[in-house]
1. Hand me the trypsin sites (Lys or Arg not before Pro) from the range 315-381 located in a DSSP loop with no more than 16 other Cβ atoms within 10 Å, in residue order please.
2. How many percent of the accessible area of the range 60-295 is carbon or sulfur, using a 1.4 Å probe?
3. Just to be sure I understand the rule: take each whole DSSP H helix in the chain, project its Cα atoms onto its long axis, keep it if the span is 27 Å or more and its mean Kyte-Doolittle hydropathy is at least 1.6. Which ones pass?
4. With every protein chain present, what accessible area does Val198 have (1.4 Å probe, heavy atoms only), rounded to the nearest 10 Å²?
5. If packing is taken as the average count of other Cβ atoms within 10 Å, what order do 29-37, 251-259 fall into, highest mean first?
6. For Val294 paired with Val61, estimate the spin-label separation in nm (one decimal), with each label point 7 Å from Cα along the Cα-to-Cβ line.
7. Residues with amide H under 5 Å of Val213's amide H, sequence separation 5 or more or different chain, H placed in the peptide plane at 1.01 Å from N; which?
8. Give the longest segment of the chain that steers clear of GluC sites (Glu not before Pro) in DSSP loops with at most 10 neighbouring Cβ atoms within 10 Å, not counting the sites themselves.
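The values are calculated or read from the model by the stated rules, or taken from the named source; none is laboratory data. This is a predicted model, so every value here is computed, not measured. Cβ sites come from the backbone with ideal geometry, for glycine too, and all protein chains shown count toward neighbours. When the accessible area is computed, the model is the full protein with side chains, heavy atoms only, and any ligands, DNA or RNA have been set aside. Shrake-Rupley method; radii C 1.70, N 1.55, O 1.52, S 1.80 Å.
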Amino acid sequence: MKAKILMQKEDMYQLNTYRKIPLVITKGKGMFVYDIIGNKYLDFYGGHAVASTGHCHPKIVKAVEAQLNKLIFYSNVVYNDSRAEAAQSLINISPKGFIKVFFCNSGAEANEAAMRIAKKFTGKNEIIAMKGSFHGRTTGALSATGIEKYRTGELLQSFKFAEFGDINSVKSLITEDTAAIILEPIQSMAGIRLAKKVYYKRLRDICTEQGIVLIFDEVQTAFGRTGEMFAAQKFEVMPDIITLAKGIASGLPIGAVLLKDKIAKTISYGEQGSTFGGSPLVCAALRSTIEIMVKENLAKNAEIMGKYIKKRFSNLKNIKEIRGEGLMLGLEFESDASKIVEAITENGAIASLSESKNVIRLLPPLIAKKEHIDKFYKIMRKALEK
Ligand SMILES: Cc1ncc(COP(=O)(O)O)c(C=O)c1O
């Protein structure tokens, strides 16, 4: 009864933007979340790839609690110990050459900043993005988003869209005014789409040859998700800018832009900014997340568990393909999988669809173990029988 009342309240008072799973989740621990009446759900969605270290990891709770009692917030007009340590930790685990970070609050903001910085650096105005991409909901990020259904309202005109994975398609769109190419190394919303390794290398070459800034939107792919700390390392191609968000502070709101020296140098005081970006509280969670990632070797775990899922799930009924890297996987079925996702929830787990209705996305916390995968497999089989 209480659950019903709470659902009605949200529907009544919150803007009608998300089609919600009818669950009132009030607690989380590790790989599981609990609804208001105590039902337990195995989380293979990770709150949209955010619960990277699992729900309420004790070390995150401890670090955030300690910071809460010390200083919740002060802006970037002063220095702060939590921010200083987090920035250093982040740069330390970043691929070679990335020496500066700009902190903001979300993936969309990080992409906005990245594209503005690329335009300033090159003195050019056009951006090439990919069909099927998703980069966020602010005007610039949405203008770079290549899924038609989201592209509503007035958008920026200086964006062109290439076929993801097709190097000739990108080439045909380059002009003298191309500032940047932006892409998710693995397209998530489009249904976990990857390109061949050589594609990323060719993109790199083209950008280097023509002075174009290569931006990897690693909002979903970074921090161990693909089996490496960054997807750039997985594909062995270094972009010029990397954007981050989602799971890098284990659920506290954050966005970040990683920059190389030559680009970072072109930004001066007042050109970028964010009141909440780099807040002491969020930075405590970021630093603790990095510590956990490294200590518990979560990238490696993601790689091993991803392989295990691929092997274990390949014989499921009606499955066409399992693709992706690490714990960013797409299970493609012969037909619409919406009913399967509903049945998964009825059987005690959470997974997500994608823009391609035949594809179920798995984005579990990176702490997943074989026992969780085996449990999810059983739930999935039951769902499929239904
Ligand atoms: C790849 C990618 N980029 C950017 C975003 C936007 O992030 P945010 O919702 O934090 O603005 C998302 C969100 O789903 C995303 O998946």
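1. Sites meeting the loop and neighbour criteria: Lys317, Lys357, Lys369.
2. 53 percent
3. Details: long enough: none.
Passing helices, by number: none.
4. Estimated to the nearest 10 Å², Val198 gives 90 Å².
5. Descending mean neighbour count gives 251-259, 29-37.
6. 2.5 nm
7. Ala180, Ile181
8. Working: sites that count: Glu154, Glu176, Glu334.
Free of exposed loop sites, the longest segment is 177-333.
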